[in-house]
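In what follows, a single structure is set out as structure tokens and then discussed.
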Amino acid sequence: MPFLPITIDEVRSRGWDQLDIIFISGDAYIDHPAFGVPLLARWLESFGFRVGIIPQPDWRSKESFMALGRPRLFFAVSAGAMDSMVAHYTPARKLRHDDAYTPGNRHGARPNRATIIYTSRLKEAFKDVPVVIGGLEASLRRFAHYDYWENKVRRSILLDAKADLLIYGMAEKALLEVAQRMREGERMPEISNVRGTAFICNKAEYLPGVQLPSYEAAADSKEQFAEAFRMTFLEQNPWSARTLVQPHASRNLVCNPPALPLSRQEMDTVYALPFEKSPHPSYHDQIPAWEQIKSSITSHRGCFGGCAFCAITMHQGKTIQSRSEGSVLSEIDDMTRKPWFRGSISDIGGPTANMYGLSCGNSDSKKTCLRESCIFPDICKNLLTSDRQSTSLLQKARKRNGVKHIAVSSGVRYDLMETQPGYFRELVGHHVSGLLKIAPEHLTEHVTQLMRKPGKKSFEKFLLKFREENDRLGKRQSIVPYLISGHPGCRLEDMLELTLALKKIGIKVEQVQDFTPTPGTISNCMFHTGIDPLTGKAVYVAKTDREKGLQKSLLLWHQPAERSKVLEALKELGRMDAAELLLGSHLETTGKPKSIKSGGQRKSVTNRTLDTKKAR
């Protein structure tokens, strides 16, 4: 199946005089199901729509947005696989100089707040053509939200973009329904009852639904912001959620309930679409994101972990949507025939690899459940945790012709694995490429409670079990722990406690994630308000660059460049007793660190993951 057209010549080569729907994307066009725009474009194509893509248009003028002409139905806009502000700036608000979703890893191929800018240019070029916005950026900014980069509460992105409709979450069902209804003659303003969509209307219109604190109230009061977030968070169950209405001055944002999850058959259909599994042939430079995911397999969507800093619940949802074993194996067989395939599959998983095939065992409870997590603070009695399906899939996958090795690199939930002995043995025995990624994030109890993570005891129990299994197998494998500094609730003394705990169990880290308050997350709300929105309790927040920097440096105590900051943090805490323990012989009598060579530790994967299946 040929690539979807990105030029007018490619449109005409198909014998088409006009496209039905044109996607605008902040990413390069990689025809792979790990990327949202190509997946949705192929999905609509399978239902007979004529679809094209304008990848990374030059936003400085309208001409680039006119490259494929006027669509018959609408434009569909996405900033790309990442929020454009997260893609452009570090947690310290410093400009990044790369973009993994761009050929040559070049920065500058998309603007800040890409969804808003792209829509503005489209309205300039085709004033009367409807624009539908979606993707991660639009999805997580659909309500009034705190923007870390401007340090203020912004109104719904729908109002700033002046788009006609917003589709949030995984958009197959919503986007298809909108497209089919427009093809049958409905106008965009008439399409107001589609699950998974949001729109703007005048306040005078009658709108039954749950009334949220207004944008103005949320912007003026942190308590009102926290209340608005709490109310939206509790309406994420697609079977019981109600329509939400948030006033913005003289208008209302109306958010319909989430779309229902895809069935196993629907998931199989989506991933059986005729993807080329490679970048468009017009690209000549390597695209880092493609290099990382090209040999990966998405086995499922969703995550019921409920981590406070993660946006998956608000975007993909809590329900696990798994493909059939046959569907995954068929994709593997197709991959082995690709000219670039060399025998190694980089991943079989999803947001959390060992959630494949899991589900709620109580259909009645599932439809009314308001738990933020199925495994925190403990595993729900209704959760079916059997590892039969996940273990069988990995065992069969590694035996396929042409497959030499399969890694599981999308991360695992180690507290859940306590109930999955078969998966654990299969994973450690065959699917760890030297390093296993897990995400304790912190080990201090009150911090992990706020993060909705399992804590120190569970981590140490897993680490011991992992080391024992490697000893039994005669393997030399290690873990890469993802850790976050500066998360709400974490003080400098908590970071020292974490550092000393890691040193005691023999772990040094080379990369630390400085907390970024991503819109749509519990942690973002806590950072802005100093309130846990689901409990109403006050939360300490480290906000100065100095304090956040000291927290991060403590975890990197073994790196020469960080030692002066480590000493500064220890002096501030009155814990110079820990200086000898951490810095040892590198301390001079003046209390300054000596200059030494780096300790030769194995480096972990990059701090900012490119895996489009996981949003931390």
Legend entry - Sole exception among (1) crowded, with 16+ Cβ neighbours inside 10 Å; (2) closer than 27 Å to A171 by Cβ for K222, by number: (2)
Legend entry - Failed item in (1) surrounded by fewer than 23 Cβ atoms within 10 Å (Cβ to Cβ); (2) small (G, A, S); (3) within 25 Å of the chain's Cα centre (by Cα), with G536 passing the rest: (3)
Inset, instruction - Identify the single condition in (1) within 30 Å of K294 (Cβ to Cβ); (2) modelled with pLDDT of 95 or more that A439 does not satisfy, given that it satisfies every other one. - result: (2)
Inset, instruction - Kindly indicate which of L176, L158, L166 is surrounded by fewer than 23 Cβ atoms within 10 Å (Cβ to Cβ) and not assigned by TED's automatic domain parsing to the domain that holds D545. - result: L176
Inset, instruction - Just give me the residues in region 98-114 being in contact (Cβ under 8 Å) with a residue 12 or more places away in the chain and part of a loop (DSSP other than H, G, I, E, B), in sequence order. - result: D99, A100, Y101, T102, H107, A109, R110, P111, N112, R113
Inset, instruction - Specify the residue that is surrounded by the fewest Cβ atoms within 10 Å (Cβ to Cβ); the eligible residues are those in region 417-431 that are modelled with pLDDT of 95 or more and of a type in the set (A, V, I, L, M, F, W, C). - result: V428
Legend entry - Selected residue [within 19 Å of R70 (Cα to Cα) and among the hydrophobic types (A, V, I, L, M, F, W, C)] from L212, L166, L122, L140: L122
Legend entry - Filtered residues of region 48-70 (kept if within 30 Å of Q513 (Cβ to Cβ) and not in a strand (DSSP E or B)): Q56, W59
Legend entry - Residue check for G185: under 27 Å from D364 (Cβ atoms) and small (G, A, S): no
Inset, instruction - Please give the number of the condition L450 fails out of (1) in the same structural domain as H300 (by TED's automatic domain parsing); (2) closer than 18 Å to G305 by Cβ. - result: (1)
Inset, instruction - Please indicate, with yes or no, whether at least one residue in region 444-464 is at pLDDT 95 or above, farther than 24 Å from D378 by Cβ and either within 27 Å of the chain's Cα centre (by Cα) or polar (S, T, N, Q) (or both). - result: no
Legend entry - From the options E441, E460, E497, E469, residue that is more than 20 Å from L416 (Cβ to Cβ) and among the acidic types (D, E): E497
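Among K475, K465, K503, K453, which is the only one that is charged (D, E, K, R), assigned to a helix (DSSP H, G or I) and over 27 Å from E580 (Cβ atoms)?
One residue alone meets the criteria, K465.
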Inset, instruction - Residue by residue through region 241-284, note down the ones that are farther than 22 Å from A217 by Cα, touching a residue at least 40 places away in the same chain (Cβ under 8 Å) and among the aliphatic types (A, V, I, L, M). - result: A259, L260, L262, M267, V270, A272, L273
Inset, instruction - Return the only residue of T119, T90 being within 22 Å of the chain's Cα centre (by Cα) and on the phi < 0 side of the Ramachandran plot. - result: T90
Legend entry - Residues being part of a helix (DSSP H, G or I) and of a type in the set (D, E, K, R) - total across region 416-441: 3
Inset, instruction - Residues that are out of contact with any His (no Cβ under 9 Å at 6 or more places or on another chain) and among the small types (G, A, S): find the strands (runs of 3 or more DSSP E) completely inside region 115-175 holding 1 or more of those. - result: 131-134
Inset, instruction - Kindly indicate whether Q224 is on the phi < 0 side of the Ramachandran plot and without any contact (Cβ under 8 Å) to a residue 24 or more places away in the chain. - result: yes
Legend entry - Out of E216, E186, E205, E190, sole residue that is free of Cβ contacts under 8 Å to residues at least 40 places away in the same chain, under 30 Å from R121 (Cβ atoms) and not assigned by TED's automatic domain parsing to the domain that holds F75: E216
Inset, instruction - Would you check which residues across region 258-275 are in contact with a strand residue (DSSP E or B) (Cβ under 9 Å, 6 or more places away or on another chain) and either more than 17 Å from K366 (Cβ to Cβ) or crowded, with 20+ Cβ neighbours inside 10 Å (or both) and list them? - result: A259, P261, L262, E266, M267, Y271
Inset, instruction - Inspect all residues belonging to region 245-256 and state whether any of them is modelled with pLDDT of 95 or more, buried (at least 21 other Cβ atoms within 10 Å of the Cβ), of a type outside the set (S, T, N, Q) and touching an Asp or Glu at 6+ places or on another chain (Cβ under 7 Å). - result: no
Legend entry - Conditions (1) touching a helix residue (DSSP H, G or I) at 6+ places or on another chain (Cβ under 7 Å); (2) at pLDDT below 90; number of the one not met by Q551: (2)
Legend entry - Matching residues in region 106-142 - criterion: being within 24 Å of A311 (Cβ to Cβ) and among the polar types (S, T, N, Q): N112, T115, T119, S139
Inset, instruction - Name every residue in region 71-97 that is without any contact (Cβ under 8 Å) to a residue 40 or more places away in the chain and assigned to a strand (DSSP E or B), in order of residue number. - result: L95
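For A241, indicate whether it is at pLDDT 95 or above and under 22 Å from C310 (Cβ atoms).
yes
The values are calculated or read from the model by the stated rules, or taken from the named source; none is laboratory data. For clarity, every value in this text was computed on a predicted model and none was experimentally measured. Every residue, glycine among them, receives a Cβ derived from its backbone with ideal geometry; neighbour counts consider all protein chains shown.
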